[in-house]
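The values are calculated or read from the model by the stated rules, or taken from the named source; none is laboratory data. On a predicted model such as this, the values are computed, not experimentally measured, just so you know. Note: ideal-geometry Cβ built from the backbone for every residue, glycine included; neighbour counts use all protein chains shown. For accessibility, only protein heavy atoms count, side chains too; no ligands or nucleic acids. Shrake-Rupley method; radii C 1.70, N 1.55, O 1.52, S 1.80 Å.
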Amino acid sequence: MTLSAFAPVAFGAELTTEQKWQALVDAGIFDADGTGQGAQLDANMTRAQFTKVIVKLLGLQEVSDTPSFDDVKGHWAAGYIEAAKRAGLVDGVSDNPPLFAPDNEVTLEQLAKLVVEALDLEQSTDAVSGKVSDWAKGYVAAAVKAGLLPASSDYTVPAKREVLVTATYQAREIEEGKKVTKIESFKAVGAKKLEVKFSKAVDTSKAQVSLKKGSIQINIAKITYSDDKKTATIELVTNLTKGDYTVTVSGVEANPLQATVSVEDEKVSRIEFVGDKAPQDRNNPNIVYAWLKVYNQYNEEITKSVVDNNKLSVSSGYPTTTVDNTGKVTIQSNTAFLIDTKVTVSAVHKDTGVYAAATYTVATPARVADITIDKLYNSNGKTEIDASTDLNTEQFYLLVTAKDQYGNTVSDVTYIKNDVVVNVTNTSVINVDWSDATKGEANFTTVSVDGSSKVALRLKNGTPTQSAGVSQVFIYSKTTGRSGSIQITVKDSSKIDTLTLEAPALVVGGETVEIPYTALDQYGKEVTALSAFQALNVSVTQGTYSFEKDYATGKVKFKYSAPSNVTSSTTVYMTVQTQTFKFTQLQFTVQPDLKPEVISGVDELKYALAPGAKTTINRDKIKIYDQYGRSKTVEDIKGAYCVQLSIDSGANNVVPSGTLINCVNNNNNYTIDNNVKSIELQGTTNGSTTFRLKLIKASDNSVVPNSDYTFTVRTVKRDEIVGYEVADIPKLYANGNTDHRKALDVTGLLADGTKVAIPEADTSYYNVYVTGDLGYDSATDSVYANAWSGDPQEKTFTVVVTGNTNSGSQVITKSVVASIAPPEAATLELRKNGVAWEQGSGYVKVALANAANAFNVAVDAVKVTDQYGVEMTTASKFANVFVSNVRDVNGNLVGNGTSLQGLQVGWTYTVTAVTQNGKSISFKVIVQNP
């Protein structure tokens, strides 16, 4: 049930009983006592009064219907009592006649029952000391345990209003606590697994989980949530080791949730022998077999790792006793074992001394007696096969469990092959990996499923060609005739059945656009396979179309390239026929080719310069708009148009410098195009210069009408500068005059507040003084810090800048923090750089030739910045780079997902790069040539 809301200011703090009562009164839940005489905490309360409190507390509405109890008709609380009765919260004191006794007093045990049920608490089996009715013991125990009632020597006595106030207030506190997500428990549940239990379901789309051991970031392999979203199981890449692990969960509450658990190293907790029969070897009666399993403290079988690490010793009293990593114990005698001979075998873990022994009875050689086909398995999680699936490359298996006549699991695939017969009912639909199909012999193998080795039979393409249909696979035991079977359905190949096209918002001549679409196959599923789109029959009246796989999203782009030299609006008709012979048509208009119309401004340009100071017109900062109102750059119009800079007036005040290129036949103008990236403007003599930017059509050197943008830059006299301002100086790394120095940013000010650019490294405008371990480099106009020994790690210094003006000196003081803490990674972000030729949200694209070296990809693609704001550029910035989730062009996991051998265009993989201080970033790499 949901409790009604209280005013937030009233709750959460530690209050007196009187204050709690007042808060309940303010919330409309409590009345003083109906007489206005105050809290009266020593007074008793009637059943009617407390029923009203419960109804108010739960936010229930009064019920005005005929009451269920005869003695409440006309009573002031009749509506509250009926509401509580219908909610199952109260009972009467008599059934015949139905009576409630509204004016009787509430006892402590009655109060306990009402509040416990209102909060949906479980009754408690804890012992209750004090007088209590049998029916009330569970309620009273639960109420005392939850802090709703104080311990009492007698719970049958009337409850004082003080107790009622405290119980009601505490009930609200409990209910409020349920609304806040908390970590209820955090513990190790496996050698690689940690479990987080939450107090309520979490939004898994928002929850962000990270894990640290001390200060070291731990790599998480995967996180699995329970169906009720209240439990998260964290699986690590490697085993847990002794120490404290801290989990942080952000995104579920305003503040991150944290919990810490102390973990021990994995250890052997028990050894268990399996079965009681020791079958003879099929070919050598001197050998018999037994089986054992080794478990860790989490009850996980760890036989393989223990044996592989040579930590298990087995003995039997016979000349040779060995164990393999499946737990199969081989006991060899110098003479043949007789049937029914007793053989005792023991095992001990070398490190812990954990010991086990068992006595076996020698039996006839084991044969596969029972076999089951457990399920269809694909490492990529696929559960369906269609006729287009190439089973010779896409690995689907039948997982098989084989047992001998003694109930032992048979894992030797050669034995299974020899002991069973395989039959496939329709080999045109499905086939298996045959050894000799005429004899029903198939090649069994083993595959790893969730870390465990499983016997499997691989499926192959149907013959002579793969076709849709149904086939059954039977596996028979030769010795018992018992069989396992499974029915395999191969669906018809996914084909685009329903295709809906939408007209692009704008199609311009000579440009390529994407056509929005919805493509569903004959089963109603979204189609993402490139081959399905390439099978469409498309006709278009003008222009061309193409399909391109978008490896970032896994979908297909439907592209249309409009014809060039379009001078007037042209209607284009497109018709598409699907493989299921359905037609869809699309009509859209191709507009005339792009024409840049106007230059609207230049970003990051300074308009007031001291003599000798410079400002730059950068190519990518010129704002251009075409006839459709789209923002364009010089790069977008290169070849067809360029931008010309000319001077309207004041030619000697601010002077351009750069390369003259004849986009037009006028050597007095400067040009910015695809070859010239920028033009500098330098202040020379006092006064203003008005500049004009124009768009020039390259084909005929004509000026685009009305495209001009004019702006004025002026050179100010030095004596016009009345003051200065200095930008804050970031934290310095104290290692001398190196890359960690910080440039001073000093700007002049005019009387009207206009900012004036000062010439770089011209300190005649101002003087710089530093204190302590600080240094100043006048050549670069930079401040740096020299190292010191010992504590403190950080020091604060002062930089004094004295600006020179006609009215005197202006002293500006800036504090700067320096630290001797060595640089370490602070932020990691993806970027387009080096081998990463494109970067998007969470991914980079890398050419095939460069993609196999994941470490180099991480070095280029990840910008690592230290705590001083300086980029860390050396490869040593990363301690480890891990590869996972390697998938082919169809999205299938390749092998175990960690090898980059055999990479092809269209494959993807995940890189997790970990810095020396444990910070990490994970991103997808898409193998795609530029």
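Please give the net charge around Asp390, taking every other residue with its beta carbon less than 15 angstrom from that of Asp390, where Lys and Arg add +1 and Asp and Glu add -1.
After counting each charged neighbour, the total is -1.
What does the accessible area per residue of the stretch 183-263 come to in Å², with a 1.4 Å probe and no ligands, DNA or RNA counted?
Here the per-residue accessible area is 53 Å².
Grab the other residues whose beta carbon is less than 12 angstrom from that of Ala610, score K and R as +1, D and E as -1, and report the net.
Once positives and negatives cancel, what remains is +2.
Going through the stretch 740-831, which trypsin sites (Lys or Arg not before Pro) have at most 16 other Cβ atoms within 10 Å and a DSSP loop state?
Arg831
Relative contact order for the chain using alpha-carbon pairs under 8 Å, separation at least 6, rounded to a whole percent?
It rounds to 5 percent for the chain.
Could you work out what % of the accessible surface of the stretch 496-591 is carbon and sulfur, using a 1.4 angstrom probe and leaving DNA, RNA and ligands out of the count?
Its accessible area is 46 percent carbon and sulfur atoms.
List every DSSP H helix in the chain whose Cα atoms extend 20 Å or more along the helix's own long axis and whose mean Kyte-Doolittle hydropathy is at least -1.0.
161-179
Rounded to the nearest 500 deg cm²/dmol, what is the calculated helix-only ellipticity per residue at 222 nm for the chain, with -39500 (n - 2.57) per DSSP H run of length n ≥ 4?
It comes out at -3000 deg cm²/dmol, rounded to the nearest 500.
For the stretch 275-293 and the stretch 373-398, compute the distance between their C-alpha centroids and round to whole Å.
35 Å
Below 8 Å, C-alpha to C-alpha, sequence gap of six or more: please give me the relative contact order for the stretch 17-179 in percent.
Here the relative contact order equals 24 percent.
Determine the per residue accessible area of the stretch 496-591 with all protein chains present and a 1.4 angstrom probe, expressed in square angstrom.
That works out to 51 Å² for each residue.
Out of the total accessible area of the stretch 368-491 (probe 1.4 Å, heavy atoms of protein only), what percent is carbon and sulfur?
Heavy-atom surface of the stretch 368-491 belonging to carbon and sulfur, 1.4 Å probe: 43 percent.
Post the alpha-carbon centroid distance, the stretch 579-642 to the stretch 870-898, in whole angstrom.
Their Cα centres are 37 Å away from one another.
What whole number of Å gives the distance from the Cα centroid of the stretch 537-572 to the Cα centroid of the stretch 767-784?
Centre-to-centre distance over Cα atoms comes out at 60 Å.
Of the peptides 277-290, 441-454, how do they stack up when ordered by the mean number of other Cβ atoms within 10 Å, highest first?
Listed from highest to lowest mean packing, they are 277-290, 441-454.
Sum up the charges of everything whose Cβ sits under 12 Å from the Cβ of Ala143, counting Lys and Arg as +1 and Asp and Glu as -1, but leave Ala143 out.
Its environment carries a net charge of -1.
Relative contact order, percent, of the stretch 811-930 when contacts are C-alpha pairs under 8 Å separated by at least 6 residues?
With pairs under 8 Å counted, the relative contact order is 28 percent.
Can you work out the accessible area per residue across the stretch 825-928, with the rest of the protein chains kept in place, probe 1.4 Å, in square angstrom?
Heavy-atom SASA per residue in the stretch 825-928 reads 43 Å².
Counting only DSSP beta bridges with both residues in the stretch 825-928, what percent are antiparallel, rounded to the nearest 5?
The answer is about 85 percent antiparallel.
Which of the three applies to the chain, rounded, prolate or oblate, going by the alpha-carbon gyration tensor with a ≥ b ≥ c and a/c under 1.5 meaning rounded?
Here the chain falls in the oblate category.
Can you give the translational diffusion coefficient of the stretch 183-263 in µm²/s, computed by Stokes-Einstein from the Kirkwood radius over Cα pairs at 20 °C and 1.002 mPa s?
My calculation gives 170 µm²/s for D.
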